[in-house]
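Here the structure is laid out as structure tokens; the discussion comes afterwards.
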Amino acid sequence: IQKLPPGHIETVSGSSRRQKQYWNPAAPGGLHGAFAAAPGDARDVADVLRELLSDAVRVRLPGQGPVATHLSGGLDSSAITALAASQLEGTGRLQAWSWVRPPASATEERQAEWRLPAAVAQKWKVPLQFTPFSAADFQAILARRPLLDNDCADLWYEFPLRQQLQQRGIPVLLSGWGGDQFISNAGESGYLEALFSRRAIPTLLDLAAMVARSRRPLRAALSLTRHQLLAPLLGYLRWRYSRE
């Protein structure tokens with residue numbers, strides 16, 4: 001038994017063996033045919049991305065019954081809500097849910113946490129629900145020790161939101177979780193990549209400025225070095241030289 005390199009096939013004929021790489025994710029056009037047709041045209045790439053995202057939403061919509069979406073008003077959740085609303089138009093099956101508690105005043109309603117999801121929900125004619133959250137809810141979450149359940153530990157509003165969905169018999173919740181992290185690697189590696197590019201000096205100056213603003217400069221320097229430079233570098237090396 002021999003494990004082939006990623007993206008390779010091997011042809012065995014008699015006493016000869018020949019390996020061939022059939023896919024390379026770094027090559028233009030390796031992900032989708034439309035990218036190969038015009039790898040430099042951002043508009044074509046955006047059209048392909050829209051098509052793929054729309055299809056990803058479509059295949060997750062059940063044939064019947066209610067559907068919910070997370071809706072914060074950010075790019076990820078707003079895009080998914082808009083696509084789901086357009087595909088379920090006229091059915092009345094879609095509802096949007098915000099992690100934020102109901103606004104307590106007209107002033108809060110104008111703030112981004114309330115205003116942005118409300119604007120998206122209004123545009124796509126989707127009922128928007130907010131999530132009440134009390135001290136008792138918070139204590140109940142801590143008592144559950146969600147880390148031991150391999151669940152989200154600090155997204156507190158998610159737990160009462162799930163309870164509301166269960167009570168209303170809504171089995172499917174579409175979410176934009178991970179979109180920002182996927183694009184930006186959760187903010188990690190940014191300084192490391194900049195350090196090895198033409199922006200090395202501005203990067204070092206930026207790190208130095210953060211250290212200078214800290215109350216404990218030495219501790220800040222060690223922490224930044226560890227989290228922004230060493231950890232991403234070790235992660236890359238582990239991936240680069242791993243047998244798997």
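The values are calculated or read from the model by the stated rules, or taken from the named source; none is laboratory data. Remember, it's a predicted structure, so these values are computed and weren't measured experimentally. When we count neighbours, we look across all protein chains shown, and the Cβ atoms used for this are built from the backbone with ideal geometry, even at glycine. SASA here: full protein model, heavy atoms, side chains in, ligands and nucleic acids out. Shrake-Rupley method; radii C 1.70, N 1.55, O 1.52, S 1.80 Å.
Tell me the mean residue ellipticity at 222 nm calculated for the chain from its helices only (DSSP H runs of n ≥ 4, each -39500 (n - 2.57), averaged over every residue, nearest 500).
Computed mean residue ellipticity for the chain: -13500 deg cm²/dmol.
Antiparallel DSSP bridges in the chain: what percent, to the nearest 5?
Looking only at bridges with both residues in the chain, the antiparallel portion is about 40 percent.
Tally Lys/Arg at +1 and Asp/Glu at -1 over every other residue whose Cβ is under 12 Å from the Cβ of P117; what's the total?
With Lys, Arg at +1 and Asp, Glu at -1, the net is 0.
At a 1.4 Å probe radius, which order do S189, S13, S214 fall into by accessible area, largest first?
Ranked list, largest accessible area first: S13, S214, S189.
With a 1.4 Å probe and every protein chain left in place, work out the accessible area per residue of the chain in Å², rounded to a whole number.
72
Given the options Q64, Q163, Q19, which has the most mean-square fluctuation in a GNM of the chain, springs set between C-alpha atoms less than 10 angstrom apart?
Evaluated over the chain, the most mobile residue of the options is Q19.
Output the direction-averaged projected area (hull surface divided by four) of the convex hull of the alpha-carbon atoms of region 163-240, in nm².
8.7
What is the local net charge at A68, summed over the other residues whose Cβ is closer than 14 Å to its Cβ (Lys, Arg +1; Asp, Glu -1)?
+3
Normalised by the number of residues in the chain, what is the relative contact order in percent for Cα pairs under 8 Å and 6+ residues apart?
Over the chain, the number comes to 14 percent.
Return the label of the correct value of P(r) over Cα pairs in 10 Å bins from 0, in percent, as calculated from the structure shown, out of (i) 7, 29, 31, 20, 10, 4, 0; (ii) 6, 18, 23, 26, 19, 6, 1, 0; (iii) 8, 32, 36, 21, 3, 0.
Correct label, based on the coordinates given: (ii).
Keeping all protein chains in position, work out how much accessible area F130 exposes to a 1.4 Å probe, and write it in Å² to the nearest 10.
40
What does the charge count around Q95 come to, taking other residues whose C-beta lies under 12 Å from its C-beta (Lys +1, Arg +1, Asp -1, Glu -1)?
Summing Lys/Arg as +1 and Asp/Glu as -1 gives +3.
Suppose accessible area is computed on protein heavy atoms with a 1.4 Å probe; arrange Y241, Y157, Y236 from highest to lowest.
Result, largest first: Y241, Y236, Y157.
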